[in-house]
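Participant: Handing you a structure now.
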Amino acid sequence: MKALAWHGKHDVRVDTVDDPGIVNPRDAIIKVTSTAICGSDLHLYDGYIPTMQSGDILGHEFMGEVVEVGPKSTLKKGQRVVVPFTIACGACYHCGKHQYSACDNGLPADNQDIAQELYGQPMSGLFGYSHMTGGYAGGQAEYVRVPFSDVGPIVIPEGIDDDKVLFLSDILPTGWMAAENAEIEPGDTVAVWGCGPVGLFAVQSAFLMGAERVIAIDHFPHRLELAKKFGAETINFEQSETYEALMLMTGGIGPDAVIDAVGLEAHGFFVDNVIDQIKASTFLGTDRTHSIRQAIVACRKGGRVSMPAVYGGFVDKFPLGAFMEKGLTLKTGQTHVQHYMPGLLQAILDGKIDSDFLISHRMPLEDAPKGYKMFHDNQNEVTKVVLKPGMAAS
Ligand SMILES: NC(=O)c1ccc[n+]([C@@H]2O[C@H](COP(=O)([O-])OP(=O)(O)OC[C@H]3O[C@@H](n4cnc5c(N)ncnc54)[C@H](O)[C@@H]3O)[C@@H](O)[C@H]2O)c1
Ligand SMILES: [Zn+2]
Ligand SMILES: [Zn+2]
């Protein structure tokens, strides 16, 4: 089959590789019909995520048709499913608490040590996202093996277009959980850093949860426009100083809740960000944490901090004093996708959530390297690239 493989920084190629097969009784094989490139994939593309190996198949946002099932899968051939990016067993202590991204059994035994050492405990597996997260082949491919297929994938009713439901795999539940973690109360003002897919779904979710005002921050005009369409006020951080603007807009109080939807590749020539960037490029540090620092400092006293953004390692200059003195709370984590999928599918079917506004480009799998480059180089206009393995190559 054809699959998009990582070969190094800014080097991804469509390779011909062996088809996947059933390995464990609960596996299913999915023929991929749609798969998206994620902001998280750019961290791999830019070489910031350790434990990648040449030839690793990428992709964690995908859906398709069930073509083969193991004896303990509950799926049936021919069903259309969306697959969550987190690989979780459904039966361990954490899965029992619906904290699927903390699953104890998502990683193969020989991959557990890396996360165990770095984070204290192993995490759930992730599709197409380094050997630290299990070394699982991803879904930017014609076919993919889905472990624990009796727990993860959600069956999509007939007649619903792929584009409407594809984002249930990751960014829609991630934006939703980000808003939930911000513990929004009616009348709240919520500030969202980053108007990428996660930030934009967080904006929609925050309004649905009762926020009175949402203030969205980015520097890409087109992405800020999309946030405005959902009713957000906006700050372009290249035109105004974010902290000052937020204080002006909130009468000096600060937002009740802040959401960091930027992550470890923050943009901008801020002193802390430039130092972080030098450290990351020389492997003296891992993360550029400008946005979470700024969010903590801008948040109102007693407010809530939600951090869907991905960070991987250690940080310095973390405003721990501001965090403590102001009495803030922080909630974060890889999304517990399985927990949110059924409710969000229903919200899409009921027309409560606009789920396909984001897609700016659709292209065949063969064009995936072009899609990565476009998404990387032109984030303003390229908001989401969806690869369609069945589509004729250009
Ligand atoms: N927690 C999870 O399970 C989960 C799931 C998916 C994605 N993520 C993470 O969420 C984050 C966002 O994902 P995405 O797909 O929307 O990414 P994206 O790269 O498309 O969007 C990030 C946006 O942040 C903006 N930005 C950069 N620096 C900024 C700054 N200083 N202030 C304000 N905005 C700034 C960028 O211009 C961009 O529009 C990433 O870190 C991604 O890895 C987490
Ligand atoms: Zn993703
Ligand atoms: Zn589990």
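Throughout, read-outs are computed from the coordinates displayed, never taken from laboratory work. Computed from a prediction, not measured in an experiment: that's the story for all the values here. Note that we place each Cβ from the backbone using ideal geometry, even for glycine, and neighbour counts take in every protein chain shown.
Participant: If you average the sequence gap of Cα pairs under 8 Å that are 6 or more apart and divide by the length of the chain, what percent do you get for the contact order? Please report the intermediate quantities before stating the final value.
Facilitator: Details: 963 pairs, mean separation 68.0, N = 394.
This gives 17 percent for the chain.
Participant: If you take the charge dipole of the chain about its Cα centre, with +1 on Lys and Arg Cβ and -1 on Asp and Glu Cβ, which of Gly64, Ile154, Asn236 is farthest toward its positive end?
Facilitator: Farthest towards the positive pole: Ile154.
Participant: Separate question: If Lys and Arg each add +1 and Asp and Glu each add -1, what is the summed charge of the other residues whose beta carbon sits under 13 Å from the beta carbon of Leu224? Spell out each step's value before the answer.
Facilitator: Values: positive: Arg223, Lys228, Lys229; negative: Asp218, Glu225, Glu233, Glu238, Glu381.
Residues close to Leu224 contribute a combined charge of -2.
Participant: Defining a contact as two alpha carbons under 8 Å apart and six or more residues distant in sequence, what relative contact order in percent does the range 172-332 show?
Facilitator: Working: 345 pairs, mean separation 36.4, N = 161.
After rounding, I find 23 percent.
Participant: State the answer as a single residue: which of Leu75, Val386, Pro255 lies farthest towards the positive end of the charge dipole of the chain, with beta carbon charges of +1 for Lys and Arg and -1 for Asp and Glu, about the Cα centre.
Facilitator: Farthest towards the positive end: Leu75.
Participant: Then there's this: Rounded to the nearest 5, what % of DSSP beta bridges with both residues in the chain are antiparallel? Intermediate results must be reported in sequence, preceding the final value.
Facilitator: On the way: 31 of 57 bridges.
So the antiparallel bridges in the chain amount to around 55 percent.
Participant: How large is the charge dipole for the chain, taken about the Cα centre, if only the Cβ atoms of Lys, Arg (+1) and Asp, Glu (-1) carry charge, to the nearest 20 debye?
Facilitator: On the way: 31 positive and 48 negative charges, 73 e Å.
So the magnitude is around 360 debye.
Participant: Right, next: Output the relative contact order of the range 69-117, whole-number percent, from Cα pairs under 8 angstrom with separation of 6+ residues. Could the numbers behind the result be given before it?
Facilitator: Numbers: 35 pairs, mean separation 11.8, N = 49.
That works out to 24 percent.
Participant: Answer with one residue from Gln277, Gln112, Ala298: the one whose Cα lies farthest towards the positive end of the charge dipole of the chain, charges on Cβ with Lys, Arg +1 and Asp, Glu -1.
Facilitator: Gln112
Participant: Step through the table entries Lys2/Lys373; Lys77/Lys97; Lys331/Lys370, compare each Cα-Cα distance with 25 Å, and write down the pairs that go over it. Before the final figure, lay out the partial values.
Facilitator: Working: Lys2/Lys373 19 Å; Lys77/Lys97 30 Å; Lys331/Lys370 36 Å.
As for pairs spanning more than 25 Å Cα to Cα, those are Lys77/Lys97; Lys331/Lys370.
Participant: Pick from Tyr119, Tyr311, Tyr45 the residue whose mean-square fluctuation is largest in a GNM of the chain, springs joining Cα atoms under 10 Å.
Facilitator: Looking only at Tyr119, Tyr311, Tyr45, the largest GNM fluctuation is found for Tyr119.
Participant: Just Gly135, Gly312, Gly39 to compare: in a GNM of the chain, with alpha carbon springs under 10 Å, which one fluctuates most?
Facilitator: Result for the chain, Cα springs under 10 Å: Gly312 fluctuates most.
Participant: If you put +1 on each Lys and Arg Cβ and -1 on each Asp and Glu Cβ, how big is the dipole of the range 1-105 around its Cα centre, in Debye rounded to 20? Mind dumping the intermediate values first?
Facilitator: On the way: 10 positive and 12 negative charges, 90 e Å.
Rounded to the nearest 20 debye, it is 440 debye.
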